[in-house]
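Novice: Would you mind keeping the following structure in view while I ask a few things?
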Amino acid sequence: ALTAAMLVIGFGLAPVVGMRNGPPVGAFVEWANLLVLISLTLLFGYLLMLLFRREASPYQHLREQFPRQRLIPIGLGIILVSGNLAGIGVIKPELDYLRAFTADPWLAAVDRSILGDDAWRLLTWTRHAGMGALYHALWLAWLVVVVVLVLLRAPSRDKDALLIGYFLMWSVIGPVVHLLLPAAGPVFYEVMGHGDRFASLRLAPDDAQKMNYLLTGYITRTFNPGGGISAMPSLHIATMAWTVLAMRRSWLIWPALAITAYLWVSSVALGWHYAVDGAAGILIVLVGAAFGWCSRIALPSHRQRFIVRRGR
């Protein structure tokens, strides 16, 4: 329902905000292909692990772990996640025209009042030549892997709660916070007419190219893959914090924590976000998780659903 609503609103807003081209419908297929590829890669890796453990019948073991009745909801999950990611790609650029970027000076002031200086200045020592490329690639790769791992899990209330929180984060909480606190980020500070406070922030060539790409889409009101300008909240950090919650009962929590911390530092050091954007991202994940876990009380258990279906 959240995904469908976001897509309907996104397509409906396009003529209202004056977008000059149609939403990139092909983005759904691209996301679906990526999720399927990661799913098959993880299943193949699991099969190799069974062979390494000298399982008597690895294929039979795999069939028992993933029977046909589990493959259907996994496939549906891939479709919904793909549609949701495509939907945020439609609605995110449109939100930029509903409200002007007025929150930047306030967010920059909050950073300085807490840290004593602009956050990016305190983190210049962390910058390296490949930080920009790693920032974007690592976020996407880790998010997709964890989403697929969650989809592959056996049905449970915890899985329900995680996925409900995930969809709320993308479809509702993130866009609402963006509208309440519209901000473009330090790299766009001067372009949006707020002054030269961040004029000494130097962009790497790769980041400068991405900035121009986003700015061109904003000025020309066109849909571009991955387009849309938004600093508050940082959905990069929000999604990484979600992976920490998702992996909290696995040894993968340690890479999840490390990646979240590194990307938060990178987002600030590169000038894409204010430090408070990442904190807001973590907060919206906690809000989404609270709604998700409240659903564990409201929703019947999977055993109860099975009993109802069987008429017992």
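Novice: Carbon and sulfur atoms: what percent of the 1.4 Å accessible area of segment 111-173 do they account for?
Specialist: Exposed carbon and sulfur together represent 70 percent of the surface.
Novice: Right, something else. In whole percent, what relative contact order does segment 171-304 give with Cα contacts below 8 Å and a gap of six or more residues?
Specialist: It rounds to 29 percent for segment 171-304.
Novice: Another one. Counting only heavy atoms of protein chains, what accessible area per residue, in Å², does segment 221-286 have with a probe of 1.4 Å? Don't skip to the answer; put the middle values down first.
Specialist: On the way: 2190 Å² over 66 residues.
Computed with neighbouring chains in place, this is 33 Å² per residue.
Novice: So how far apart, in nm, are the two label points at Arg99 and Ala5 if each is 7 Å from Cα heading toward Cβ?
Specialist: Using points 7 Å along Cα→Cβ, the separation is 1.8 nm.
Novice: Turning to a different aspect of this structure: Determine the gain in length on full extension of the stretch Ile72-Thr41; use 0.36 nm per residue of separation and subtract their C-alpha separation, reporting nm with one decimal. The partial results should precede the final answer.
Specialist: Working: separation 31, 0.36 × 31 = 11.16 nm, distance 1.82 nm.
Fully extending the segment from Ile72 to Thr41 adds 9.3 nm.
Novice: Ordering Ser156, Ser267 by accessible area with a probe of 1.4 Å, largest first, what comes out?
Specialist: Ser156, Ser267
Novice: Enumerate by residue number the chymotrypsin sites (Phe, Trp or Tyr not before Pro) in segment 238-294 meeting two conditions: DSSP loop (anything except H, G, I, E, B), and at most 13 other Cβ atoms within 10 Å of the site's Cβ.
Specialist: Counting only loop positions with at most 13 other Cβ atoms within 10 Å, the chymotrypsin sites (Phe, Trp or Tyr not before Pro) in segment 238-294 are Trp251.
Novice: Where only protein heavy atoms count, and the probe is 1.4 Å, what is the accessible area per residue for segment 81-141 in Å²?
Specialist: About 44 Å² of surface per residue is accessible.
Novice: Treat each spin label as a single point 7 Å out from the Cα along the C-beta direction, and report the Asp117 to Thr222 distance in nm.
Specialist: That separation, rounded to one decimal, is 4.0 nm.
Novice: Also, I was wondering about something else. I need the phi-derived Karplus couplings for segment 235-248: 6.51 cos²θ - 1.76 cosθ + 1.60, θ = phi - 60°, integer Hz, Gly and Pro marked x.
Specialist: 6, 4, 6, 4, 5, 5, 5, 4, 5, 5, 4, 5, 9, 5
The values are calculated or read from the model by the stated rules, or taken from the named source; none is laboratory data. Here the structure is a predicted model, which is why all the values come from computation and not from measurement. We place every Cβ from the backbone using ideal geometry, glycine too, and count neighbours over all the protein chains shown. Heads up: the accessible areas ignore ligands, DNA and RNA and are worked out on the full protein's heavy atoms, side chains in. Shrake-Rupley method; radii C 1.70, N 1.55, O 1.52, S 1.80 Å.
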